[in-house]
1. How many residues does the stretch 402-418 hold that are in a helix (DSSP H, G or I) and either farther than 18 Å from Leu195 by Cα or touching a residue at least 40 places away in the same chain (Cβ under 8 Å) (or both)?
2. When you scan the stretch 144-179, how many residues do you find that are part of a loop (DSSP other than H, G, I, E, B) and farther than 21 Å from Gly203 by Cβ?
3. Checking the conditions here, which among Thr574, Thr602, Thr570 is polar (S, T, N, Q) and either part of a helix (DSSP H, G or I) or over 18 Å from Pro666 (Cβ atoms) (or both)?
4. Every residue in the stretch 624-647 that is over 17 Å from Leu464 (Cα atoms) and either among the small types (Gly, Ala, Ser) or touching a Pro at 6+ places or on another chain (Cβ under 9 Å) (or both), please.
5. Suppose we keep only residues that are surrounded by fewer than 24 Cβ atoms within 10 Å (Cβ to Cβ) and of a type in the set (A, V, I, L, M) within the stretch 620-650. Which one would you say is nearest to Arg524 (Cα to Cα)?
6. State yes or no: is Ser668 farther than 27 Å from Ser210 by Cα, within 22 Å of the chain's Cα centre (by Cα) and modelled with pLDDT of 95 or more?
7. In this structure, does Arg524 turn out to be at pLDDT below 95 and more than 22 Å from Asn61 (Cβ to Cβ)?
8. Only one residue in Val165, Val194, Val209 is assigned by TED's automatic domain parsing to the domain that holds Glu236, surrounded by 22 or more Cβ atoms within 10 Å (Cβ to Cβ) and under 26 Å from the mean Cα position of the chain (by Cα), so which one is that?
Amino acid sequence: MNDHPSVPNPSRRTLLQTTGLGLVGAVLSGTAATTAAEATKAKTPKSPATRLPADAPAPPNRFGRMVQEYYVARVREVERTANARRAQIRSKADAESYVREVRAKIQSIFGPWPEKTPLNARVTGTVERDAYRIENVIFESRPDFPVTANLYLPKGAPGPRPGVVGSCGHSNNGKAGDTYQSFAQGLARQGYVVLIFDPIGQGERLQYVSAGLKPRIGIGVGEHLHAGNQQCLVGEFIGAWRAWDGIRALDYLLTRPEVDPRHVGITGNSGGGTMTTWLCGVEPRWTMAAPSCFVTTFLRNLENELPADAEQCPPRALALGLDHSDFIAALAPKPVIMLDQEKDYFDVRGLEESLERLRPLYRLLGAEKAVEIFIGPDYHGFSQPVREAMYRKFNDVTKVSNARAEPALVLEKDETLRCTPTGQVADEKAQTVFSFTREASVAWRQRRGSVSGTALQQAVTETLRLPRREGAPPYRILRPGAARGYPKRHAGTYAVETEPGIFALVTRLDDNPLMSRLPRGPKRALLYIAHHSADAELRTEPLIAEVMRAEPNSAVFACDVRGIGESQPTTTGTGFLSAYGPDYFYAAHGMMLDYPYVGQKTHDVLRVIDWLKSGGHTEVHLAGRAWGALPTTFAALLSADVKQVTLKHALTSYSDVAETEDYRWPLSALLPGVLRKFDLPDCYRALEAKQLRQIEPSTALADGLKS
């Protein structure tokens, strides 16, 4: 929070706007939690929990921390390997090679970039102040995709001046947020030309609005998640889209004769700190940078169970061994100050670890003092002491000012900084992130055509990133509890270890007690893959009883793959299905590890089928509902042991999600890049050979999910 005496103290109503907290910060700060939750809940992807009688026993959750500890182990190993690589940097040539290496990895995530089309920039208004002039500017980062910005031009300054691009955090009013006006004014009063622009989904750039230009899917993080999750289907990353806005903002800044191209910096806080960090990695023209309240390590965020926005989770970053510090390393040896607060929820220990990684690199490049950190005493936010540390660093580089304290500030009303007549670019019939995603989906469908046979199996295996399987998996025999009201009198539960640290929980129904190893036979088995909870669905789902009646001689099994039912995570401090809940949290980390959550769950199903085969069940009727229908579909396609398939409430197609603005499926159900290679109807056509039966398919709106 801005604590300068000339800046008004924000009320509770505007706290989220002025601190750039985003939903994560609001949840953790407490004071704005209600505001943040209301901002996103309207269009949070939903899938209702299975309904149980009021007096029914609660589904067991004996493995509630399994997924968390699995991911922690994976990311710790990534960090150990990456640190070992950094330890090999012993000479200037090694350091230069490392910088080239991380730049190439980062570009592989964020690129390829779109063509640089005309900016079509225009000034829509001017505000004269004592020491500077503000121009309200609109430019296009992509064709018909306008960016609203304020350009602060210092008065009385001879010749070109240093330029700075300002990246906003999660303020509802974007560039007009108190924090962001403050650093823009502070820099302008010291002689810098500053361009600060509205992020996608904030300020004047809402992507999802009603006829009255009111937000339909929250503001900021609500829009970022909704657009970003959907984009993954066509292989796009919302962080790259936002970074491209920053690159084009620099392009515009450099068109201005008032700017000295020898000195151009980037700074921002929270979500703006994220984009400042990413922009250090993707744009080599910066000559200085100051990310605030973001830089830590991926491992610290994971261990601390801290969810992050869609743009803060670069796909494949962990698989490539990258960390926050590597995005700064990509800019080395140029001057960078990494800013934070002692009481920030972004773990300051990770910031200190980042500095320790960067110092040897900068030292070998002859610029050890060019990289530093500053830790303020406050909570999350670009407070005055932190801003003054940024001013000091930039002034040391540019020599434009000797000031060390922030000048007096007088903040503007939102309307004064408005670039559009109505306050929203949507009123100008601009393109949206969704319109680009829809176009990309249609184009990929036309390009790939129908996929079948071996080509389809290969595409599915590659897209799911499935690991190799050998032999039958080990398993544990769990002790039976009280009667659960299942379709048969007795049940035994087995924890099948599908990979180290991960168990699929499989319940076998029988007329006799089951307390020992898996009984052998019969040849035919029915395996049901649950939507949310095998325990609950064994008691309530009509499909199970129906298939059991049709196959009275089959062994009956029901399975919780990782992350649901018996292993539904109890982490992050938020509800399982909330926008930042554990289901989203681990799906996002799966993308960063290049091991999609859908792929992980498909692997679980395949290993359970391997386990069933070891018990003599060589013919499997595989059934799945809703979320469970996805791994059911892919496992059935890939396993020769599956002879029959039944799907209930299965998603019609991924194209349907990509081309529907108000889709309802969560990130955990989406498969990154899938539409570049195949779609679900390709799989359904192939499964017709395995007696596929579809019951009440569900569209992108999840309208098939009745319970």
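1. First, pick out the residues of the stretch 402-418 that are in a helix (DSSP H, G or I): 414-417.
Then drop every residue that is not either farther than 18 Å from Leu195 by Cα or touching a residue at least 40 places away in the same chain (Cβ under 8 Å) (or both), which leaves 414, 416-417.
Count: 3.
2. Initially, the stretch 144-179 is screened for residues part of a loop (DSSP other than H, G, I, E, B), giving 144, 155-160, 168-169, 171-173, 177.
If we keep only those that are farther than 21 Å from Gly203 by Cβ too, we end up with 155-160.
Residues that pass the stated criteria total 6.
3. Numbers: Thr574 fails: either part of a helix (DSSP H, G or I) or over 18 Å from Pro666 (Cβ atoms) (or both); Thr570 fails: either part of a helix (DSSP H, G or I) or over 18 Å from Pro666 (Cβ atoms) (or both).
Only one candidate qualifies: Thr602.
4. Our first condition is that a residue be over 17 Å from Leu464 (Cα atoms); within the stretch 624-647, this holds for 624-626, 640-647.
Those that are over 17 Å from Leu464 (Cα atoms) and either among the small types (Gly, Ala, Ser) or touching a Pro at 6+ places or on another chain (Cβ under 9 Å) (or both): Gly624, Ala626, Ala640, Leu647.
5. Filtering the stretch 620-650 for residues surrounded by fewer than 24 Cβ atoms within 10 Å (Cβ to Cβ) gives 621, 637-644.
After this cut, where a residue has to be of a type in the set (A, V, I, L, M) as well, the list is 637-638, 640, 642.
Numbers: Leu637: 18, Leu638: 18, Ala640: 14, Val642: 10 Å.
For the stretch 620-650, the residue satisfying everything is Val642.
6. Values: farther than 27 Å from Ser210 by Cα: yes; within 22 Å of the chain's Cα centre (by Cα): yes; modelled with pLDDT of 95 or more: yes.
For Ser668, the condition - farther than 27 Å from Ser210 by Cα, within 22 Å of the chain's Cα centre (by Cα) and modelled with pLDDT of 95 or more - is met.
7. Values: at pLDDT below 95: no; more than 22 Å from Asn61 (Cβ to Cβ): yes.
For Arg524, the condition - at pLDDT below 95 and more than 22 Å from Asn61 (Cβ to Cβ) - is not met.
8. Values: Val194 fails: under 26 Å from the mean Cα position of the chain (by Cα); Val209 fails: surrounded by 22 or more Cβ atoms within 10 Å (Cβ to Cβ).
Only one candidate passes the filter, namely Val165.
The values are calculated or read from the model by the stated rules, or taken from the named source; none is laboratory data. Since the model is a prediction, treat every value here as computed from it, not as a measurement. We place every Cβ from the backbone using ideal geometry, glycine too, and count neighbours over all the protein chains shown.
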